[in-house]
1. Residues being within 28 Å of the chain's Cα centre (by Cα) and open to solvent by 40 Å² or more (accessible area, probe 1.4 Å): count how many of those fall in the stretch 202-214.
2. Here is a list: Ser58, Ser66. Which entry is at pLDDT below 95, open to solvent by less than 40 Å² (accessible area, probe 1.4 Å) and farther than 30 Å from Met317 by Cβ?
3. Please determine, by comparing only the residues of the stretch 422-439 that are in contact with a strand residue (DSSP E or B) (Cβ under 6 Å, 6 or more places away or on another chain) and free of Cβ contacts under 8 Å to residues at least 60 places away in the same chain, which one is surrounded by the fewest Cβ atoms within 10 Å (Cβ to Cβ).
4. Looking only at the stretch 456-480, count how many residues are free of Cβ contacts under 8 Å to residues at least 60 places away in the same chain, surrounded by fewer than 20 Cβ atoms within 10 Å (Cβ to Cβ) and part of a strand (DSSP E or B).
5. Check Gly67 against each of (1) outside any loop (DSSP other than H, G, I, E, B); (2) in contact with a Ser or Thr (Cβ under 9 Å, 6 or more places away or on another chain) and name the one condition it does not meet.
6. Which numbered condition trips up Glu281, out of (1) in contact (Cβ under 8 Å) with a residue 24 or more places away in the chain; (2) outside any helix (DSSP H, G or I); (3) of a type in the set (D, E, K, R)?
7. Filter the stretch 410-421 down to the residues that are within 16 Å of Leu322 (Cβ to Cβ) and crowded, with 18+ Cβ neighbours inside 10 Å and list them by number.
8. Given the conditions (1) outside any helix (DSSP H, G or I); (2) more than 26 Å from Asn74 (Cα to Cα); (3) among the charged types (D, E, K, R); (4) within 15 Å of the chain's Cα centre (by Cα), and given that Glu336 satisfies all but one, which numbered condition is not satisfied?
Amino acid sequence: MHRRLFPRALALLALVATAATAGAPGATAESPTPATTQLRATIDAILADNRLAGAQASVVVVDTSSGQTLYDRNGDRRLIPASNTKLLTSTAAMELLGPGHRLTTDVQTTGKRRGGLLSGNLHLRGGGDPTMLAADYDALAAQVAADGVRVVSGNLIADDTRYDNTRLGPDWTWDDEPYYYASQVSALTVAPDTDYDAGTVIVHAAPGARAGARPVVSTTPPTGYVRIDNRAETVSEGETSISIEREHGGNTIVVTGQIAVGDEPASDWVTVWEPTGYAAEVFRAALHRHGVRVLGRTVLGQPTPETAHLVARHDSMSLGELMTPFLKLSNNGHAEVLTKEIGRVLSGSGTWSAGLTAISEYVADTGMNTGTLRQRDGSGLSRRNLVPATEFVDLLAAVRAEPWFPTWYAALPIAGQPERFVGGTLRSRMAGTPAAGNVHAKTGSLTGVSGLSGYVTTADGHLLAFSILLNNYLTASVKTLEDQIAVALAGHREGGTSTARVAPPSVPDTPRTPEGVECSWVKPITC
C-alpha cells in the first residue's frame, strides 16, 4: 500500500496556503468568519439539549477542500461508534479487495462418473457470499442435474473452511444472538430475501381458520432445518401479539402469543444455529427437486480436496454492488464477512483478527491515528469499539481521492430519500429540509449510543465531512439532534447570509431505535 500524507498535515498546508480563500477574507481557525461563528453557536445550542444532560457528545466538522475545521467539540474523545464502524470496514474492503471482487460458491467432486451415477462425495464449497438465496442454491442444483448426475453414492460435504468457525463476535451480548442483526458468520450461508440478512430465516404466523386454532406457521425459505414449536393461538378479535424466538443452542423456534382471525400474518427474521448446516439442507433439498439423490450423510466443515473438479458455480454480485445493501441497510453480517474475507485474501487467514489487522493498517495509511482507536468487529455491534470523531473525519476526507469513491459515496444512506435502496437508514430523516437529498452519511445505533458520520454540501457548495457521536444518554433517541446539526450544516454559507441560526433548526421526529437495530426499513421491529 502506498503511504499518503495525513489529512491533518494536508489541512495545515491548506490553511497556510488558502486561509484567505477558505471563507470570507482573512478567515482562519483562530479567527472564524461571522458565518462560522454563527454555525458554532447553533451547534452549541443543539448540544445543550436536556436529552444530552450527563451524556457524552463528540462533534467534528471539516471543510474537505480547505481542511479548515468549522467545529470541534471533544473531537479527540474515544466514544462507542456503533455502526459508524462500518466506515472503516467498507472503505478498507473497497481498497484492499477492490470494487470488482466477487465471492464464489461452487460444487465440486473427486468422484468417478458412470452414466448418472457419481461414485464419491459432492462438495458444496462456500466462498463467504452473504447474498446466497435459496434460488441460487436451486440454480447450483440445476447445474449438477444438467451435468447428468442422478445419484451421488457418497456424502454431501459442506465446506465452510474459507473462514474460521468462530460464529459470533467475542464482545456481542448474549441476548442479541437470536436476532437478525447478530447472525452467525459462516463462509457458507443462506439469506432469506434480498435484504441479504445471511444466516436467518423469516418465520410467518398466519391466523388459523377459526378462534382457538393454532396459527399457520411457515418459513422463508421453506426449510426443515428449523423446528417450529407453535404455542400461539388464533383469537376472534383483539390485538395481534405474536412473539417468535429461537431457543439458544439449537434451531427450535418458539411461536407464542395471539393473532386475530382475518389479520395479516405476523413475520420476523430469526437467526439459525449453524448456518453451514442450513445452507447444506437448502442445497440438498434443491438437488432432490432436480432429481439428484445423495445417498450419504451431510457432513459439515471438511475442506474440499485440491484434486476435486468443478461441477457448478455461482458468483456473487461485485463488491461495488454489494456496498448498496451493505451500507444502505447497515447490514452487520456483510461487515463481518468482509472483515474475514479481507483477512483471507491478504494473509490467508479468514479470521476476525487477521481482517481487523489489515483494516487497521489500511485506515492508518489513509491518515487515521490508529493509536487512538480500537476496532473489535466489522459492524460496530461490539461495545468495545472506540473511535474519536476526528478520526472518522480524517478518513472521510482522505477517501475522496480514491477511484472507487463515487461508488462508495452513492452507497451511503441519503437523507430524506424514501426509496429503501437510496435513503436506506436515513430515508425517514431530514425530509423537507436543506439536508434532504444532500447528506450522505452512515448511521449508528445501540442503546445509549447514536452516531452520524458522512458528508454534507453547504448552501454555497462546500463539501463538509462531519462526525457526530453521542453516548451514555438515557432518553429513547437523540437522532433529531444529529439531524438538526446536519440541517444547520446544509444551510451554512461562508462569507454571506447563512440559514444556520442559533436556535436549533426544526426537523421531523425520528423513530426510536432498540438495541443493535437501525430503523427506516420494513423489518417488523418497533422503532
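1. Number of matching residues: 1.
2. Step by step, each of Ser58, Ser66 is checked, and only Ser66 is at pLDDT below 95, open to solvent by less than 40 Å² (accessible area, probe 1.4 Å) and farther than 30 Å from Met317 by Cβ.
3. For the stretch 422-439, the residue satisfying everything is Asn438.
4. Total meeting the criteria: 1.
5. Of everything listed in (1) outside any loop (DSSP other than H, G, I, E, B); (2) in contact with a Ser or Thr (Cβ under 9 Å, 6 or more places away or on another chain), Gly67 misses just condition (1).
6. Glu281 satisfies every listed condition except (2).
7. Once the filter is applied, which keeps residues that are within 16 Å of Leu322 (Cβ to Cβ) and crowded, with 18+ Cβ neighbours inside 10 Å, the stretch 410-421 yields Ala411, Leu412, Pro413.
8. With (1) outside any helix (DSSP H, G or I); (2) more than 26 Å from Asn74 (Cα to Cα); (3) among the charged types (D, E, K, R); (4) within 15 Å of the chain's Cα centre (by Cα) applied to Glu336, the lone miss is (1).
The values are calculated or read from the model by the stated rules, or taken from the named source; none is laboratory data. No experiment lies behind these values; they were computed from the predicted model shown. Glycine gets a Cβ as well: all are built from the backbone with ideal geometry, and neighbour counts include every protein chain shown. These area figures cover heavy atoms from the full protein model, side chains too; ligands, DNA and RNA do not enter into them. Shrake-Rupley method; radii C 1.70, N 1.55, O 1.52, S 1.80 Å.
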